[in-house]
Amino acid sequence: MCLAIPGQIIEILQERDNLALVDIVGVRRKIDVGLLSEEPAKPGDWVLIHVGFAMSRISEEDAREQMRLLKMMGEHAAAMEEITGYGLDDSVARGGP
Amino acid sequence: MTPVLSKIRFRDAQIEMAHGAGGKASRRLVEGLFAPILFEGSQDPLGDAAFVDVDGSSIAITTDSFVVKPITFPGGSIGELAVNGTVNDLAVAGAQATALVVTFVLEAGLPTELLEAEIRAMASAAHRAGVVIAGGDTKVVEHGKGDQIYISSCGVGHRISGITISPKTVRPGDRVILSGPIGDHGITILLARGELDLEADLRSDTRSVLPLVQAMARAAAPGIRWMRDPTRGGVATSLNELVRDCGLGAVICEDKLPIHDAVRGACELLGLDSLHIANEGQFLAVVAQEYAETALDALHRTDGGEEAAIIGEIREQPAGTVLVSTLYGSKRIVDMLVGDPLPRIC
Amino acid sequence: MKYVDEFRDPELIVGASREIRRLADPGRHYRFMEVCGGHTHAIYRFGLKDLLPENVELIHGPGCPVCVLPMGRIDDGLFMAAQPDVIFAAFGDMMRVPGATGSPLEHKARGRDIRIVYSPADALKLARANPDRHVMFFAIGFETTAPSTALTLLRVRAEGIRNFSVFSNHVTIIPAIRAILDSPDMRLDAFIGPGHVSTVIGCRPYEWIARNERKPIVVSGFEPLDILQSIVMILRQMKDGRAEVENQYARVVPWEGNRAALKAIGEVFELRPYFEWRGLGFISQSALRIRDSFAAWDAEKHFLTPGVRVTDPKASQCGEVLKGVLKPADCKLFGNECTPEHPIGALMVSSEGSCAAYFNYEHRKSELVTVSV
């Protein structure tokens with residue numbers, strides 16, 4: 001369930017009503033940030049938006065870490081394929097990173 | 001001459017909005033009810049315009065009607081759509097529009113100011129498109145029985161020399177060319193309705209595509225097999241109509257589709273497929289491989305054609321199917337639109 | 001970072017696909033269930049099945065809040081729409097779902113005031129703009145969407161708005177997963193966990209799946225790389241003989257969930273003793289109803305709905321497809337009487353429903369002779 005997409009907060013509109021203006025790939029919409037009350041949202045923050053409400057903050061650090069792991073996975077897989085060609089795959093697979 | 005009743009294949013008990021959305025239901029209505037009765041005896045696949053013989057000359061003729069809410073929007077208004085839409089239907093049939101006649105169905109209570117603005121917009125658009133508005137008709141309906149203005153326009157024109165197009169001439173290996181970014185018109189209208197509270201720097205792409213078609217014809221006429229303007233139902237619907245009519249298949253490369261960021265963003269946010277969104281200033285062309293680069297080049301060098309792209313090609317298989325392929329090698333089928341595109345949250 | 005295109009990077013996707021092939025034991029047949037309808041849609045939209053080896057099978061779960069609603073609930077909603085001065089507001093997803101007397105769109109064609117909204121906040125705006133009408137918001141969704149409905153009702157109460165009510169059809173995900181695992185026909189190896197529900201409930205609620213059922217569950221994002229990476233993580237767990245809850249979607253999902261969201265749900269909603277799910281039957285404590293303190297805005301109290309139970313047409317097999325027991329193409333009605341143009345069941349209408357996804361993106365591919373790229 002759940003079409004939710006990342007957007008960046010441009011401006012906090014009405015603190016009392018929890019509204020913020022968000023940019024989503026060039027489209028702008030007013031979003032309710034009331035669910036982020038534990039750590040109030042500020043301009044520049046990236047948030048996940050679902051049905052006009054911000055559900056969660058997006059952590060750039062976690063995203064970068066994930067990209068790093070994905071790149072490693074890709075390189076690892078490519079390296080393993082090469083090794084498979086040499087018939088060494090079994091022993092290396094057990095000891096892999 | 002009595003209609004052959006056995007050919008009527010339209011079984012729906014009532015007309016729904018879907019029948020006007022330009023997708024599957026629309027096609028069923030036209031093919032299943034209108035065609036067997038009105039176009040009896042005709043073997044040709046239904047195109048954007050028809051060529052009829054008048055005193056030994058082949059004249060192109062087409063008609064289209066315009067129902068849009070709101071009637072004005074960023075980039076245009078219903079009046080411009082009415083002119084450009086009909087000019088474009090003729091252009092993609094390989095004809096240059098000479099004259100239009102227009103019909104207005106006006107709702108009582110419509111401010112004259114609004115009507116005047118539309119008429120001026122039409123005069124402007126006709127002038128830009130190089131076409132004459134030769135006449136028209138007006139009817140007024142009771143308040144509440146019509147959305148302010150409905151316009152219908154009928155256009156006639158003559159063949160652009162060198163172009164003979166038919167889905168029957170399409171061959172595997174032919175390239176699919178798109179004149180520019182998709183979805184601008186449909187998303188602009190959606191946002192202009194104001195129900196979704198979205199803002200973006202978008203304008204309808206309504207314009208006459210005739211200059212682009214003529215430029216392409218001058219450079220590559222012998223190679224042009226088929227053209228269509230992807231209005232309601234979008235690129236997906238037009239290409240599905242093509243593959244049905246020619247019995248071949250089409251593969252579109254997702255990364256080659258020109259699309260503005262804001263259209264992409266709105267589609268992602270609302271869960272819409274940009275291939276199903278209406279365009280009012282674009283056309284699709286299937287061009288033989290050996291002419292494709294020349295055709296594309298001609299578009300690039302013409303005002304308004306800078307973003308044209310080769311988006312895919314015709315294949316023998318899968319027949320009757322339009323596939324979209326991703327950069328990483330996977331494929332999905334894209335079908336004709338069913339009903340109006342609806343935003344989704346799931 | 002823009003957080004979308006990076007997770008669609010073709011090179012990385014090919015890399016992840018290779019890693020899956022490398023990890024999957026050719027002697028085994030893997031069955032992973034993606035619970036969430038959003039994942040089903042993403043898998044088809046991005047053509048991810050083309051990137052998996054033959055022996056990794058993805059089973060579609062019941063996480064489509066539209067698909068699991070029994071027809072009678074739609075009829076109840078349309079009964080409300082037929083009352084004087086009512087504006088029926090719902091998400092686009094609901095519009096083509098057939099009830100016994102037609103879908104909301106069909107009722108709109110017959111003259112009912114039925115509007116599509118993107119947010120419950122938009123439904124509230126309609127109420128403010130139309131003080132002489134009553135806006136009834138047909139609320140659907142799992143725990144992802146319930147907090148937004150809750151915040152809206154809190155606002156309605158604070159502002160003293162009277163011409164607004166909510167018909168709550170919110171359901172909860174854990175009982176659905178439990179029902180799948182309890183089903184004797186099911187044989188699953190692991191779960192791809194619902195990413196957006198988890199932004200609200202966190203990852204703890206899945207711990208019993210790993211601990212008691214000994215099945216890995218990886219909470220996953222919705223981009224192609226997210227789903228592929230989750231499959232890699234599951235295969236690694238299985239290779240190591242582990243069964244754990246892992247959070248692949250860490251950039252968005254907090255392990256502890258969203259406290260403010262859970263608080264809002266708790267203030268406005270309570271669990272129904274039981275609720276009927278299409279295909280899964282009656283499940284206890286699986287749906288949300290509005291608390292008495294918000295009774296003034298509870299559509300079920302405001303309108304006296306007949307509440308008739310409407311069973312699915314006999315020949316349709318929506319239930320088995322929802323449980324993952326049958327593939328869409330195995331249902332006798334698939335592609336014949338039941339197509340997206342004239343759907344019999346919600347799975348063919350809802351863009352998340354496996355039948356619609358399969359029909360729109362996939363099924364003719366099996367008729368293809370060869371497709372050379």
Query raised in the report: Just a yes or no: is a residue in the range B:201-209 within 14 Å of another protein chain (Cβ to nearest Cβ), more than 27 Å from B:Ile314 (Cβ to Cβ) and free of Cβ contacts under 8 Å to residues at least 40 places away in the same chain?
Result: no
Query - Counted residues, the range C:2-13 - those being part of a helix (DSSP H, G or I), surrounded by fewer than 18 Cβ atoms within 10 Å (Cβ to Cβ) and facing chain A (nearest Cβ under 7 Å) - result: 2
Query raised in the report: Taking the range C:29-53 as the region of interest, how many residues are modelled with pLDDT of 95 or more and more than 27 Å from B:Ile345 (Cβ to Cβ)?
Result: 5
Query raised in the report: What number of residues within the range C:218-249 are under 17 Å from C:Phe7 (Cα atoms) and in a helix (DSSP H, G or I)?
Result: 10
Query raised in the report: Restricted to the range A:19-35, and to residues that are at pLDDT below 90 and either assigned to a loop (DSSP other than H, G, I, E, B) or facing chain C (nearest Cβ under 8 Å) (or both), which residue is surrounded by the fewest Cβ atoms within 10 Å (Cβ to Cβ)?
Result: A:Gly26
Query raised in the report: Residues in the range C:325-364 that are basic (Lys, Arg) and closer than 23 Å to C:Ile177 by Cα: how many?
Result: 1
Report summary line: Here the residues within the range B:171-185 that are away from chain A (no Cβ under 14 Å) and under 30 Å from B:Gly157 (Cα atoms) are B:Arg171, B:Asp174, B:Arg175, B:Val176, B:Ile177, B:Leu178, B:Ser179, B:Gly180, B:Ile182, B:His185
Query raised in the report: When you look at B:Pro258, is it under 13 Å from B:Val92 (Cα atoms) and touching a strand residue (DSSP E or B) at 6+ places or on another chain (Cβ under 8 Å), yes or no?
Result: no
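This table checks each residue for (1) out of contact with any strand residue (DSSP E or B) (no Cβ under 8 Å at 6 or more places or on another chain); (2) closer than 20 Å to C:Val232 by Cα.
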residue	(1), (2)
C:Ser183	yes, no
C:Asp189	no, yes
C:Ile192	no, yes
C:Gly195	no, yes
C:Thr199	no, no
C:Gly202	yes, no
C:Glu207	no, yes
C:Asn212	yes, no
C:Val219	no, yes
Query raised in the report: Before we move on, is B:Lys168 touching a Cys at 6+ places or on another chain (Cβ under 9 Å) and over 23 Å from B:Leu299 (Cβ atoms)?
Result: yes
Report summary line: Within the range C:204-217, restricting to residues that are surrounded by fewer than 18 Cβ atoms within 10 Å (Cβ to Cβ) and part of a helix (DSSP H, G or I), the one that is nearest to the other protein chains (Cβ to nearest Cβ) is C:Arg204
Report task. May I ask you to list pairs of residues, at least six apart or on different chains, whose Cβ atoms are under 6 Å apart, with the first in the range B:265-278 being closer than 14 Å to B:Leu196 by Cα and within 12 Å of chain A (Cβ to nearest Cβ) and the second being surrounded by 22 or more Cβ atoms within 10 Å (Cβ to Cβ) and aliphatic (A, V, I, L, M)? Result -> B:Gly265/A:Ile24; B:Gly265/A:Val25; B:Gly265/A:Val27; B:Ala266/A:Val27; B:Ala266/B:Ile187; B:Leu269/A:Ile24; B:Gly271/A:Leu3
**Report entry** Cβ pairs under 6 Å, 6+ apart, first in the range C:287-315 and closer than 18 Å to C:Ala139 by Cα, second among the aliphatic types (A, V, I, L, M) and surrounded by fewer than 19 Cβ atoms within 10 Å (Cβ to Cβ)
**Finding:** C:Lys301/C:Ala295
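Listed here are the residues, each with its yes/no results for (1) more than 7 Å from every other protein chain (Cβ to nearest Cβ); (2) surrounded by fewer than 15 Cβ atoms within 10 Å (Cβ to Cβ).
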site	(1), (2)
A:Ala4	no, no
A:Gly7	yes, no
A:Asp17	yes, yes
A:Ser37	no, no
A:Ile49	yes, no
A:Met72	yes, yes
Query raised in the report: Could you list, in sequence order, the residues of the range C:222-266 that are among the aliphatic types (A, V, I, L, M) and facing chain A (nearest Cβ under 8 Å)?
Result: C:Leu225, C:Val232, C:Ala250, C:Val252, C:Val253, C:Ala260, C:Ala261, C:Ala264
**Report entry** Candidate set: the range C:80-103, residues that are at pLDDT below 95 and part of a helix (DSSP H, G or I); chosen: the one nearest to A:Cys2 (Cα to Cα)
**Finding:** C:Asp93
Report task. Provide a single number: the residues in the range C:323-339 that are modelled with pLDDT under 85 and under 18 Å from B:Thr321 (Cβ atoms). Result -> 0
**Report entry** Residues that are buried (at least 21 other Cβ atoms within 10 Å of the Cβ) and away from chain B (no Cβ under 14 Å), drawn from the range C:49-69
**Finding:** C:Val56, C:Ile59
Requested in this report: Kindly indicate the residue of the range C:175-197 that is within 14 Å of another protein chain (Cβ to nearest Cβ) and touching a helix residue (DSSP H, G or I) at 6+ places or on another chain (Cβ under 8 Å) and also nearest to C:Asp298 (Cα to Cα) among those meeting that condition.
Outcome: C:Val197
Report task. Output the residue which, of all residues in the range B:299-346 that are among the aliphatic types (A, V, I, L, M) and out of contact with any Lys or Arg (no Cβ under 9 Å at 6 or more places or on another chain), is nearest to the other protein chains (Cβ to nearest Cβ). Result -> B:Ile345
Query raised in the report: Going by the conditions given, is C:Leu23 at pLDDT 90 or above, more than 12 Å from chain A (Cβ to nearest Cβ) and surrounded by fewer than 24 Cβ atoms within 10 Å (Cβ to Cβ)?
Result: no
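Per-residue answers, yes or no, for (1) at pLDDT below 95; (2) surrounded by fewer than 20 Cβ atoms within 10 Å (Cβ to Cβ):
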site	(1), (2)
B:Gly281	no, no
B:Leu284	no, no
B:Glu307	no, yes
B:Tyr328	yes, no
B:Arg332	yes, no
B:Met336	yes, no
B:Leu342	yes, yes
B:Cys346	yes, no
Report task. Return yes when C:Gly38 is more than 13 Å from C:Leu225 (Cβ to Cβ), within 12 Å of chain A (Cβ to nearest Cβ) and part of a helix (DSSP H, G or I) and no when it is not. Result -> yes
**Report entry** Hits in the range B:222-264 (condition: within 14 Å of chain A (Cβ to nearest Cβ) and out of contact with any helix residue (DSSP H, G or I) (no Cβ under 9 Å at 6 or more places or on another chain))
**Finding:** B:Asp261
Query raised in the report: Pick from the range C:46-71 the residues that are assigned to a helix (DSSP H, G or I) and in contact with a Pro (Cβ under 9 Å, 6 or more places away or on another chain): which of them is farthest from A:Met80 (Cα to Cα)?
Result: C:Met71
Query - the range C:301-336, subset surrounded by 18 or more Cβ atoms within 10 Å (Cβ to Cβ) and outside any loop (DSSP other than H, G, I, E, B), residue farthest from the chain's Cα centre (by Cα) - result: C:His302
Requested in this report: Among what's in the range C:116-146 and is under 22 Å from C:Ala296 (Cα atoms) and of a type in the set (D, E, K, R), pick the residue that is surrounded by the fewest Cβ atoms within 10 Å (Cβ to Cβ).
Outcome: C:Asp132
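The values are calculated or read from the model by the stated rules, or taken from the named source; none is laboratory data. Just so we're clear, the structure is a prediction, and the values are computed from it rather than from any experiment. All Cβ positions, even for glycine, are placed from backbone atoms using ideal geometry, and neighbour counts span all protein chains on display.
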